[in-house]
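The values are calculated or read from the model by the stated rules, or taken from the named source; none is laboratory data. Just so we're clear, the structure is a prediction, and the values are computed from it rather than from any experiment. Glycine also receives a Cβ, built like all others from the backbone with ideal geometry; neighbour counts cover every protein chain displayed. When the accessible area is computed, the model is the full protein with side chains, heavy atoms only, and any ligands, DNA or RNA have been set aside. Shrake-Rupley method; radii C 1.70, N 1.55, O 1.52, S 1.80 Å.
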Amino acid sequence: MEQQVPVVGATVPGFRSRDQHGRDFDLQAWRGRPVLLFFFAFSFSSVCRTELEALRDMAYLFDAADCRLVAVSIDTTFVLREMDRQLGLEFTLVSDNWPHGAIGRAYGAFDDKIGCDRRHSYLIGPDGVLAWSKQVDLPTARDVGEHLEAVHSHFPL
């Protein structure tokens, strides 16, 4: 099944899953504020950990820009909860574990060969329309500062 990466200007797919605390998460319920959807491969891999720590360290700046952070991985809620506990993350982690990779597939971010989500980022406007996206290869860490710049340029306060 061929996956399509959402294009800027298109309405993004909605989805439901569970967050790191086992609570229901519905992307549609988060409309009204920009959302940075941040796909990552595996919680405890070195590059993913580095990216999540960078998001944590800048979370207050995203919050000040009125942008919600949502990181998505194929990890279970239990793994995501432990990652949150160890790193003290201050944003939502969503499990793409079951059906395996369904959220990633909807966003063209799932890697069928490896079985995990790729490093894709999507800045979604308050209306559910994609404003900006970034995709990098799995071994490459994304620049979280670049993500914050995208928030400021597309949704200035």
The condition of being outside any loop (DSSP other than H, G, I, E, B), open to solvent by 40 Å² or more (accessible area, probe 1.4 Å), out of contact with any strand residue (DSSP E or B) (no Cβ under 8 Å at 6 or more places or on another chain) and of a type in the set (S, T, N, Q) holds, among Q86, Q135, only for Q86
Does any residue of region 8-22 turn out to be farther than 13 Å from G128 by Cβ, crowded, with 16+ Cβ neighbours inside 10 Å, more than 14 Å from the chain's Cα centre (by Cα) and in contact (Cβ under 8 Å) with a residue 40 or more places away in the chain?
-> no
Which number in (1) under 20 Å from F15 (Cα atoms); (2) open to solvent by less than 60 Å² (accessible area, probe 1.4 Å); (3) touching a residue at least 24 places away in the same chain (Cβ under 8 Å) marks the one condition that A65 misses?
-> (1)
Do the conditions hold for R49, that is, is it in a helix (DSSP H, G or I), closer than 20 Å to Q135 by Cα, open to solvent by 10 Å² or more (accessible area, probe 1.4 Å) and basic (K, R)?
-> yes
Residue pairs qualifying under the 6 Å Cβ cut-off, at least six apart or on distinct chains, with the first in region 109-121 being over 16 Å from L52 (Cα atoms) and the second being among the β-branched types (V, I, T) and at pLDDT 95 or above, are C116/I74
